[in-house]
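Note sheet for the following structure.
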Amino acid sequence: MKICNFEGARPLGAPQGWDQSLDGACGVLPIVDAIDEQSGFNFMYSVWRPSAEELELLNAGGAIRLGIMGRVHPVIQMAVLTPEVCAASRLTELAD
């Protein structure tokens with residue numbers, strides 16, 4: 001999966017107290033904050049684009065796995081964006 005930058009995104013870096021020597025490298029993730037219309041809660045959205053190989057695996061019946069670091073699973077939301085939304089957001093893939 002490729003992390004995408006997009007219009008209106010802000011950089012989210014390592015969590016407070018993150019120690020690269022103990023916890024490993026933590027890159028920057030472009031996110032945008034938005035209030036969820038149904039719940040009224042703030043969501044931080046990031047955008048990811050699967051590679052051609054990953055799309056092939058998904059189309060062959062593969063699946064996407066979500067990893068969360070820690071012992072408490074936060075509320076999450078996943079969606080597929082239309083090509084029109086991607087174009088309007090001016091997505092650009094970031095390097096691995």
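The values are calculated or read from the model by the stated rules, or taken from the named source; none is laboratory data. Being a predicted model, the structure only gives us computed values, none of them experimental. Neighbour counts run over all protein chains shown; Cβ positions are idealised from the backbone, glycine included.
Inside region 2-35, can you point out the residues that are charged (D, E, K, R) and within 14 Å of the chain's Cα centre (by Cα)? I'd like the intermediate steps shown before the answer.
We begin by selecting, within region 2-35, every residue charged (D, E, K, R); these are 2, 7, 10, 19, 23, 33.
Within region 2-35, LYS2, ARG10, ASP33 meet the criteria.
The number of residues in region 36-74 being over 15 Å from the mean Cα position of the chain (by Cα), surrounded by 10 or more Cβ atoms within 10 Å (Cβ to Cβ) and β-branched (Val, Ile, Thr) comes to 0.
The residue that is surrounded by the most Cβ atoms within 10 Å (Cβ to Cβ), counting only those in region 1-35 that are among the polar types (S, T, N, Q) and farther than 20 Å from SER89 by Cβ, is GLN20. Entry remark, region 29-72: residues being touching a Cys at 6+ places or on another chain (Cβ under 8 Å) and aliphatic (A, V, I, L, M) number 1 in total.
Might you let me know whether region 75-90 holds any residue that is of a type in the set (S, T, N, Q), outside any loop (DSSP other than H, G, I, E, B) and modelled with pLDDT under 95? Show your work before the answer.
Restricting attention to region 75-90, the residues satisfying the condition of being of a type in the set (S, T, N, Q) are 77, 82, 89.
Narrowing the set further to residues that are outside any loop (DSSP other than H, G, I, E, B) leaves none.
The answer is no, given that none of the residues of region 75-90 is of a type in the set (S, T, N, Q), outside any loop (DSSP other than H, G, I, E, B) and modelled with pLDDT under 95.
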